[in-house]
Amino acid sequence: MPVETIYKVALHPFINESIASLKAMAHLSGSSADAFMDKVEDFKFKGYAVCSEVSGCINGVIMMHHYPETAVAIGNSVCETMFNEKYDFTEINEELSNALAEWGNTIVGRSTDLLSRHNLEFNFSSPYFLHNFDDMEKYLEGVKEIVTVPITVEGVGRYYFNLLIREVSFQTGSTTREESTGIANPHTTPLPTDNKILLVDDSAMIRKALRRFLNSLGYENIIEADDGTSALAMVENEVPDFMFMDVVMGEMNGDEALKIIREKGYSVPVVMLSSVTDQALVKQCEQQGVSGFIFKPIQADNGAEIIKSYLKVI
């Protein structure tokens, strides 16, 4: 299959979204070069990669592939944009890993949602990370073609998108990026500042950012959970007055937790957060009774304002 076809159908949304998210989440400018075919036998692991397994009409792996120094620079910039503080780490640590994970999750979530609207029958796994060459060998098994697109980040360096293809069978289509706006909170009465707020997100970085936004608005009574299962326990034991909850998480997704919360009769106001802009998912959550839906990313320059607009009850 021609490289142009594979690029335009499968990779193009990821390229566009990564450049858009690079600007939105890291205040960095990026541009893509022409796609080309890499030789499987010569393919080199550069040191750090965010990956998502692809199944369905494409069987393979999509990789956002960085040299370590590029990953560090982008991770620092994502943190700076999120927290409005200077970050100058020189190697990947837990905080930068969380930042890069959030950036990768946003790109994969937005891109896969866009692709799903064109009935291409792609399925993608949650993003995961590779840190050394030994991990790379198993992902090259059965790979017949590799499409590579270099991305140049102004003032930083390069990263690459690689599509490792085992099998492919689909019809072409066209995709365009669509800006997404959240579903507003319909209520008008502000939440009292002494009320208890539960933050549910598997990203420690997002919980940290939300806590800061809330603190800046005068909210200090904040508790946290990192998945839907622990959120359910906290709803029962801590009785929060308000919740912000991510959709895609490890142990139990937020939409599943929301359904159970409502089935058990809890009426706590819940605002959902997600980088996945699937309207069917939004409507499903609305049917369970939510007080709004925020599409990520949210940053230091607008985070408190966005959160404030959702902190309303009755």
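Annotations for the structure displayed:
- Unmet requirement for GLY289, which otherwise passes all of (1) over 21 Å from the mean Cα position of the chain (by Cα); (2) on the phi < 0 side of the Ramachandran plot: (2)
- Candidates ASP227, ASP241 - the one that is in the same structural domain as VAL290 (by TED's automatic domain parsing), closer than 30 Å to ASN84 by Cβ, crowded, with 18+ Cβ neighbours inside 10 Å and acidic (Asp, Glu): ASP227
- For first residues located in the stretch 297-314 and under 23 Å from ALA26 (Cα atoms) and modelled with pLDDT under 90, partners that are among the β-branched types (Val, Ile, Thr) and surrounded by fewer than 17 Cβ atoms within 10 Å (Cβ to Cβ) and lie 6+ apart or on another chain with Cβ distances below 7 Å form the pairs ILE298/ILE306.
- Flag for GLU263 being at pLDDT below 90, over 18 Å from the mean Cα position of the chain (by Cα) and not assigned by TED's automatic domain parsing to the domain that holds SER125: no
- The stretch 131-155, residues that are under 21 Å from SER97 (Cα atoms), among the hydrophobic types (A, V, I, L, M, F, W, C) and modelled with pLDDT under 90: PHE133, MET136
- Matching residues in the stretch 125-147 - criterion: being under 22 Å from the mean Cα position of the chain (by Cα) and buried (at least 18 other Cβ atoms within 10 Å of the Cβ): PRO127, LEU130
- Residue match in the stretch 297-308 (condition: within 22 Å of LYS196 (Cβ to Cβ), not aromatic (Phe, Trp, Tyr) and not in a helix (DSSP H, G or I)): yes
- Residues within the stretch 245-259 that are closer than 16 Å to ALA225 by Cα and either in contact with a Phe, Trp or Tyr (Cβ under 8 Å, 6 or more places away or on another chain) or part of a helix (DSSP H, G or I) (or both), tallied: 5
- The one condition in (1) farther than 22 Å from ARG207 by Cα; (2) surrounded by fewer than 17 Cβ atoms within 10 Å (Cβ to Cβ); (3) among the aromatic types (Phe, Trp, Tyr) that PHE45 fails to fulfil: (2)
- Members of the stretch 212-264 that are hydroxyl-bearing (Ser, Thr, Tyr) and within 15 Å of THR193 (Cβ to Cβ): SER216, TYR219
- Exclusive hit being of a type in the set (D, E, K, R), closer than 15 Å to LEU130 by Cβ and either assigned by TED's automatic domain parsing to the domain that holds ASN302 or touching a residue at least 24 places away in the same chain (Cβ under 8 Å) (or both), set GLU69, GLU53: GLU53
- Among (1) within 22 Å of ASP202 (Cβ to Cβ); (2) surrounded by fewer than 23 Cβ atoms within 10 Å (Cβ to Cβ), the one test that PRO68 misses: (1)
- Within the stretch 173-198, if we keep just the residues that are within 16 Å of PHE244 (Cα to Cα), of a type in the set (Val, Ile, Thr) and at pLDDT 90 or above, the residue that is nearest to the chain's Cα centre (by Cα) turns out to be ILE197.
- Residue in the stretch 23-35 that is out of contact with any helix residue (DSSP H, G or I) (no Cβ under 6 Å at 6 or more places or on another chain), at pLDDT below 90 and under 17 Å from VAL147 (Cβ atoms) present: yes
- Residues satisfying the stated conditions in the stretch 267-287, i.e. surrounded by fewer than 16 Cβ atoms within 10 Å (Cβ to Cβ) and either within 26 Å of LEU214 (Cα to Cα) or touching a strand residue (DSSP E or B) at 6+ places or on another chain (Cβ under 7 Å) (or both): SER267, GLU286
The values are calculated or read from the model by the stated rules, or taken from the named source; none is laboratory data. Quick caveat: nothing in here was measured; it's all calculated off a predicted structure. Don't worry about glycine lacking a Cβ; one is built from the backbone with ideal geometry, like all the others, and counts go over all protein chains shown.
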